[in-house]
Amino acid sequence: MPDTPAIELRGVGRRFGERTALKEVSVLLPRGATLAVLGRNGAGKSTLLRILATLLRPHGGEVEVLGEPLPRRAFAVRPKIGLLGHEPLLYRDLTGRENLQYHARLYRLPEDKVDRLLEAVGMELRGDDAVRSLSRGMVQRLAVCRTVLHEPELLLLDEPRANLDPAASDLVEPLIGGSNGRTRVLTSHDPEAAIKEADLVLGLRDGQPAFLAQPGGLDARQVKELYA
Amino acid sequence: MSTVLAVLRKDLRLELRTFETLPAMALFSLSTFVIFHFGFNQAAIAGQLAAGVLTVTLLFAALLGAGRLFVAEREQGGFDAFLLAPVDRNALLVAKAVAMFIFLAVLEVIAVPAFGLLLLGPPLGPRLPGLIAVLALADLGLAVIGTFVSAIAIQTRARDLIAPIIGLPLLIPALIATARAAGPLLAAHGSGSPPTKWIAILALYDVVFALIAYAVFDYLLED
């Protein structure tokens, strides 16, 4: 279904007990485009990403990802999604290579892909060290490898460059950057950088959309108010 | 099957690297036998009493191990990683239950000879094949229920309390059947083979709970 949008949200909401984490979020994102989701801590950015990743069920509204309605067809979407969240989803007592080999087995992928990816992010010499012994930047590079290992169509990136120095950021750019043609949803605490690489920008305030606009249609005041 | 093997391999590797579960189970069992040894204040025990002591000790050690089964998944994001993968979610149940079964088998290699030395009166040798059969069936039930209960408990804040509170009542039938099946094997002039009736009950219990766990495990992982 390549003609369908990558993401279609209609009035999506989500609660955690009494607290409303997301309310009435509607977005239409074409395939290959990048959506930047901005907002303060607790604005609902990570909740939105987890709904798109099929890890959370929406409590209201409709969600379609890559042409499949969620959560009903979650199993069809999962192989096409790569989630890079706050947690690296890596076992601290395994090495980076062992972690990636485990994920390769879950996705039934050849394990030689692991070596290629470790090399791509400059981790080939530290790939056999336990994750707990690595710096946060190195762990983030491994998490990027895990995210793209199965070549997902849709990348869900929650502050993907957190803990990365400029050199490491350059290394992961071909894997998770805008140039690879994948649809991306990314959150960032650096609104300027996020807007630069976005085709569409969603601002969230207390779980509700403050604005949804193309970068050219945004004025600096709107973004500033979001963080006020 | 490949998913089960992938998860199992990862779990065994983690245990071999951290030794967080098995040593705790073994130390608990050995300490319990020592406490019973002094608590009974008699040279040796046999028969139904011995079977009860062995079974209860292994059951509590199993609950101790079960409490650790999903800790890495919860604390290090293993659940999310697994849920994102295009795999049958019951593979996690099967892999964890097999890992638990292996932990219990290794534990018994240490604990049963220690039990023979510290507490048991009659020699264990001639009855060992029968006892192994009984313990294998008991381990199957402990592994399935332990995994199931641990998967429920890990979703709660008070997981260390929830696992025994739910697990112990569910395991009472297995405890009774195991103790009754092992009793004659540990008696001074007992039979060399366990009573068929209790073996059948234990096997039936294993099958029923394995089916229940398999049927509902998927829902435990849902948001």
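Listed here are the residues, each with its yes/no results for (1) over 21 Å from residue A:129 (Cβ atoms); (2) at the interface with chain B (Cβ under 10 Å from one of its Cβ atoms).
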| residue | (1), (2) |
| --- | --- |
| A:63 | yes, no |
| A:77 | yes, yes |
| A:85 | yes, yes |
| A:88 | no, yes |
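Checked across the stretch B:19-26, the condition of being within 14 Å of chain A (Cβ to nearest Cβ), surrounded by 22 or more Cβ atoms within 10 Å (Cβ to Cβ) and closer than 23 Å to residue B:152 by Cβ holds for at least one residue. For the structure I just gave you, tell me whether residue B:31 is closer than 20 Å to residue A:146 by Cα and surrounded by fewer than 16 Cβ atoms within 10 Å (Cβ to Cβ). It is false that residue B:31 is closer than 20 Å to residue A:146 by Cα and surrounded by fewer than 16 Cβ atoms within 10 Å (Cβ to Cβ).
The sole residue among B:48, B:42 that is surrounded by fewer than 19 Cβ atoms within 10 Å (Cβ to Cβ) and in a loop (DSSP other than H, G, I, E, B) is B:42.
Please note which strands (runs of 3 or more DSSP E) are completely contained in the stretch A:1-46 and include at least 3 residues that are farther than 17 Å from residue A:211 by Cα.
A:7-16
Residues that are in contact with a Lys or Arg (Cβ under 9 Å, 6 or more places away or on another chain), more than 9 Å from every other protein chain (Cβ to nearest Cβ) and either under 22 Å from residue B:71 (Cβ atoms) or in a loop (DSSP other than H, G, I, E, B) (or both) within the stretch A:102-123 comprise A:111, A:121, A:122, A:123, listed in sequence order. Taking each residue of the stretch B:162-187 that is charged (D, E, K, R) and looking for partners that are in a loop (DSSP other than H, G, I, E, B) with beta-carbon atoms closer than 7 Å, six or more apart or interchain, yields B:180/B:195. Of all the listed residues (B:62, B:105, B:143, B:138), the sole one being within 19 Å of residue B:18 (Cα to Cα), in contact (Cβ under 8 Å) with a residue 24 or more places away in the chain, surrounded by 23 or more Cβ atoms within 10 Å (Cβ to Cβ) and touching a helix residue (DSSP H, G or I) at 6+ places or on another chain (Cβ under 8 Å) is B:62. In summary, residue B:88 fulfils each of the numbered conditions (1) over 20 Å from residue A:93 (Cα atoms); (2) assigned to a helix (DSSP H, G or I); (3) within 14 Å of chain A (Cβ to nearest Cβ) with the single exception of condition (2).
Restricting the stretch A:178-215 to residues that are among the polar types (S, T, N, Q) and farther than 25 Å from residue A:163 by Cα, the residue that is surrounded by the most Cβ atoms within 10 Å (Cβ to Cβ) is A:208.
Just for the stretch A:38-59: of the residues that are away from chain B (no Cβ under 13 Å) and either farther than 16 Å from residue A:13 by Cα or at pLDDT below 95 (or both), which one is surrounded by the fewest Cβ atoms within 10 Å (Cβ to Cβ)?
A:41
When you look at residue B:201, is it within 22 Å of residue B:93 (Cβ to Cβ) and surrounded by 18 or more Cβ atoms within 10 Å (Cβ to Cβ), yes or no? It is false that residue B:201 is within 22 Å of residue B:93 (Cβ to Cβ) and surrounded by 18 or more Cβ atoms within 10 Å (Cβ to Cβ). Would the stretch B:180-194 turn up any residue that is modelled with pLDDT of 90 or more, in a helix (DSSP H, G or I) and of a type in the set (Lys, Arg)? Looking for residues that are modelled with pLDDT of 90 or more, in a helix (DSSP H, G or I) and of a type in the set (Lys, Arg), one finds at least one in the stretch B:180-194, hence yes. Note on the stretch B:66-76: residues that are part of a helix (DSSP H, G or I) and surrounded by fewer than 24 Cβ atoms within 10 Å (Cβ to Cβ) amount to 5.
The values are calculated or read from the model by the stated rules, or taken from the named source; none is laboratory data. This is a predicted model, so every value here is computed, not measured. All Cβ positions, glycine included, derive from the backbone under ideal geometry; neighbour counts span all protein chains shown.
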